[in-house]
1. In whole angstrom, note down how far apart the Cα centers of the range B:187-220 and the range C:268-293 are.
2. Give me the inter-chain shielding for D:11-19: mean count of other chain Cβ atoms within 10 Å, whole number please.
3. With a ≥ b ≥ c the root eigenvalues of the C-alpha gyration tensor of the range B:230-283, is it rounded (a/c under 1.5), prolate (a/b larger than b/c) or oblate?
4. If the cut-off is 16 Å between C-alpha atoms, which aspartates and glutamates fall inside it for C:Lys307, apart from same-chain ones fewer than 8 positions away?
5. Between the range C:94-158 and the range D:308-337, what is the separation of their alpha carbon centroids in Å?
6. Packing-wise, with mean Cβ within 10 Å as the measure, how do D:105-116, D:182-193 rank, highest first?
7. Work out the mean other chain Cβ neighbour count within 10 Å for the residues of D:194-202 and drop it here as an integer.
8. Taking a point 7 Å out from Cα toward Cβ as the label site, list the nm distances between A:Asn211 and the same residue in every other copy, smallest first.
4 protein chains.
Amino acid sequence: MAGNSFGDLFRITTFGESHGPGVGLVIDGCPSRISLSTEDFALDMARRRPGRHAIDTPRHEIDQVEILSGVFEGLTTGAPITLFIRNRDANGKPYEVLRQLFRPGHADYTYFKKYGHFDFKGGGRASARETAARVAAGVVARKILAPPRISVRAYTLELGGIRAGHIDFEQIEKNACYCPDREAAQQMEAALLMARQDKDSLGGIVEVRVNGCPAGLGEPVFDKLDADLAKAVMSVGAVKGVEIGAGFEAARLRGVENNDPITPQGFTTNRSGGILGGISNGDEIVMRAAVKPIPSIGQEQSTVDRKGQPAKLKLKGRFDISAVPRIVPVLEAMVGIVLADHYLRTKALQADN
Amino acid sequence: MAGNSFGDLFRITTFGESHGPGVGLVIDGCPSRISLSTEDFALDMARRRPGRHAIDTPRHEIDQVEILSGVFEGLTTGAPITLFIRNRDANGKPYEVLRQLFRPGHADYTYFKKYGHFDFKGGGRASARETAARVAAGVVARKILAPPRISVRAYTLELGGIRAGHIDFEQIEKNACYCPDREAAQQMEAALLMARQDKDSLGGIVEVRVNGCPAGLGEPVFDKLDADLAKAVMSVGAVKGVEIGAGFEAARLRGVENNDPITPQGFTTNRSGGILGGISNGDEIVMRAAVKPIPSIGQEQSTVDRKGQPAKLKLKGRFDISAVPRIVPVLEAMVGIVLADHYLRTKALQADN
Amino acid sequence: MAGNSFGDLFRITTFGESHGPGVGLVIDGCPSRISLSTEDFALDMARRRPGRHAIDTPRHEIDQVEILSGVFEGLTTGAPITLFIRNRDANGKPYEVLRQLFRPGHADYTYFKKYGHFDFKGGGRASARETAARVAAGVVARKILAPPRISVRAYTLELGGIRAGHIDFEQIEKNACYCPDREAAQQMEAALLMARQDKDSLGGIVEVRVNGCPAGLGEPVFDKLDADLAKAVMSVGAVKGVEIGAGFEAARLRGVENNDPITPQGFTTNRSGGILGGISNGDEIVMRAAVKPIPSIGQEQSTVDRKGQPAKLKLKGRFDISAVPRIVPVLEAMVGIVLADHYLRTKALQADN
Amino acid sequence: MAGNSFGDLFRITTFGESHGPGVGLVIDGCPSRISLSTEDFALDMARRRPGRHAIDTPRHEIDQVEILSGVFEGLTTGAPITLFIRNRDANGKPYEVLRQLFRPGHADYTYFKKYGHFDFKGGGRASARETAARVAAGVVARKILAPPRISVRAYTLELGGIRAGHIDFEQIEKNACYCPDREAAQQMEAALLMARQDKDSLGGIVEVRVNGCPAGLGEPVFDKLDADLAKAVMSVGAVKGVEIGAGFEAARLRGVENNDPITPQGFTTNRSGGILGGISNGDEIVMRAAVKPIPSIGQEQSTVDRKGQPAKLKLKGRFDISAVPRIVPVLEAMVGIVLADHYLRTKALQADN
């Protein structure tokens, strides 16, 4: 298939481009009789929206989610739920130069090679705007996870080399960086401002934690819970690495250090990140994603045109300095989508008694 | 689905347990008229087999691949190819104690929670023996990749904290650690011996490189080439992290450092690891996987029994000290399987001209 | 999955209800650089629209197809194509009585049993309006079939017991019944008028013929071309039977009669309907679908309410007398969708040479 | 995909050829802790086996089902269940002439066109032997349907133009034709003998009835229960038509005749065949399949060779005279497989309460 669907039982198909009518998605596989309204999406869409920072891109999208299908008298019907978010602020002009030149670090070059032409006005499907659809899907996923009391939280662990020293969930929503450490958040903001002065951009690390996940979610072998989480997170544009529990650190540990002892009260450590043999073990699920610096920068860069001739490209306009804060709700959504899917899958194959 | 299939057009379904009749797989989606015989599998199966090291587990499996279907007069027919590898050396006795106790770091606990019972004689589907089927699938995948001249090489980049200082492809097959640096390989062997004396185990990092991959493989959004590679690699039991190109290092780079400049001669750097926007860019694909230390160790560990009562477990017998060398051909296979699948998918959706 | 997707490589997902914002679909797997515009849909949407007959339901939908995604500068991009058809004439009032009573022959009862509630204003997903999305998908499928010169034609073979005596393709568009026999068409119109006087409805048989299909389309075993065609056609609401080639008549033939002799000039008969072993043989593909009489009739009928209490239901308003003429473009679309999908699948797995 | 898998949650993948090592299948998606042993298959395999009639082909296969994976200590584990049925009686010699000539009515011609070569020794995947794997899968499906008390019965409704006059379930297993009418069964046997004398073959109609199916199985739109049943049944080699409930007869009924009135005691008629809007309504499910006469006949037939040159072919050996009796357990199995799959799917998407 062409890769725009994700999930097995709770299955989402996203569509749309940043410079067309809008972006959206179809959810096929949402149980019936779950309350759902336009208002349910407002908070999450606002969290993903740029414009929180002074330093954000000034494109002010009003990301209002329309429900095009699947809800009747306030409840899901079991039919496909279609959500649509209109583009309001699209403006084709600043991108005309990109008809010929490939932006380094972007998908322009590979889309052109793959498809022979591409939507150069904002990158088509490679646009970060596609993630608005993922966040909307995450809202519905969270409704499925509510009865079993599974909750997902993501935050900025590191940005521009500055790392949170401790995790205070209360702080996350109080700063524009979604950082759980107030002082680190202030340093991150300062780093973003400096990078903007340099016409440069910053990367970082997002951490996601899942609480309340019962033991038993995930399928052995290929659809391991961690494998599906890795795919979900790596499928977000700027992500270049993903790790579960001890992650890359586990490569340098010994078995005696890395094994989590089991006691009647549970696991005494959580090197595994809550997943053993691809199946949740009932402990907290912990994972991290490495986010590359945004490739759109104001400095002059070397590139080629569509005929392969060398060219210099200096992007104009204002860009986000880092994908990190905005990617936090996106990763939260993707993790929720994976869990909702595996929750339904696990239910389906439980033996009748 | 229950998670034992992988791939979309080139689709594999593995089956089998380490203490049943054997392990195997069905490949549905292999083009017809590709030569295939039992001998094609011998070298790769031998590379995955334990017993290369003095220090390896002494279980001597003779991993002979039987072709149960899909080949006629030496050529694939387009029908499902079934490959079967009989278990020869299975012995139920040493595992009887595991009927009650969960091994820390293994999937025993989560399988029991998920299924209510499990094949405790070797771990059922969580057994490393399942990877024999993956290696066999990789042999067929490589045949699909041969005409477009795409080749995959994996090797041990790091083991027990010792890292290869340089990459000499010639060295890889010359040492039991599959390490591309001869001196590092010797240190790794020494580290393995020391860990064995300590009744402990070691982790490491495997790197995979793909050469000859044309630009254009991978589907946007969810089935990005890197997302599918991440899932493929993370689905291998001991892997706890995966990164593409600069990976976690990219989180600390600035945009100007991380963007790969484009010239008429190609990209001047390869921070992207050969993938932009989820699609291959024609450069070398580079990725790494973090491998945890093997959880089976000879030291006494804390655990519980099936009723949740505390217990001490001291595993007897000889175990592998590290999954790393044996996982090298497995990751090579998984990457090949992803590429074969995306190669066929890309071909299917190319416009007719 | 929840059943709103169809196809493997050319994959459609339909959504929407007759009394919500509209109906639509996402196509994932359309090759890039195919010209596509809103106008391409006009003719086919008009063919499916009611109001061709004097006797049709007077609900005048203007079925304008909006392209919400996947087209850039007039060409498909390879991204998902989203098509949306707004409902214009929805009016909740006449249906309020159906909040309690199940209409015999409709899906009200089964939806209620399955989902616990349902969109009683027009039947939700069971509404014939859903087929507008299928017809739109068929337009795109036909574009994929154009380069290999595969064409699909459907027509009314039988309506209310009146059967076309001969097949004149020129006649099909010249009468409101889409009947290829002019005299039979006139009799069918008369039968429709009589049934309307009786407050009753009529069934019929639609035949579909595919020309230009090369040998080799279809996958053995489960995804046989005829199996997928059968599913596609049976998935249309009113269809209760499907047959290929000689169909049910074959049950009474002898082998020597039913086998199509092969000559250098091709098959001398076409009992097989152009498909052997589930794969197209290069001959014309011929199939028929049995269409039941529309269940909405003006006569009083016995039913029960949501609590299981007996009730009498007399539907008011004007209804279509037969699904048959309007289903003709729908079945044409479904057959085109199956062929487009199998065309791409066949291309994907052809051996490289 | 290449078409050898069927089902969504209860997913089977069949493999194997009639002249290779054997045929088999993998079931992925069977719940754990269901008892399963080799003996469970014996009766069904015997029912499908030729040799019941004096007039059957004399090839005596002993269809013993081996369990290669997925069962531990007598219970399913949730892992893939692999079943294998070895070929015992294969003999390549009589088929050598078929290396060049295509048998009329068989898949030889289309396989050659699709794949460029094919297993001419018995037809490869198009062999009726593939259905042994389906019957084995049906045994496992029946175990899933046992707790909800869903049962499937198939029988010969018509053979060689002779139709059962009444349905007496007790008779089905008492005659070699699986006919529920004793006198009709005797006439069918006589017709088979006459056809054999003529070196010809006969077709027929198989009817399948499902009892105990609760309301609510089936997914709207594409994966309607009847659509999936139609695909399942049409995917069996010799089937050329399928109908549900009134089927093709419904095309000639009026709405008032075809609608099943609803009463507090249930539906008073069953024209719908137990399915409304693609979802089971709690009534008996009734469907019929048209089976063509077996194409292998002893009379001389016209064909071409691989180079397209005209040829005469006279098949030697003894062949089955009709597929009908042997196809009865196959269709029973296919219907059971569809129901098991939809039963699990329905369970998965039921709202939590």
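1. Centre-to-centre (Cα) distance: 54 Å.
2. 6
3. The shape class here is oblate.
4. C:Asp108
5. Here the two parts' Cα centres lie 36 Å apart.
6. D:105-116, D:182-193
7. 3
8. Listed shortest first, these distances are 5.1, 5.4, 6.9 nm.
The values are calculated or read from the model by the stated rules, or taken from the named source; none is laboratory data. Predicted, not measured: the structure shown is a model, and the values here were computed from it. So basically every Cβ, Gly included, is an ideal-geometry build from the backbone, and we count neighbours across all protein chains shown. These accessible areas exclude ligands, DNA and RNA; they are computed on the full protein's heavy atoms, side chains included. Shrake-Rupley method; radii C 1.70, N 1.55, O 1.52, S 1.80 Å.
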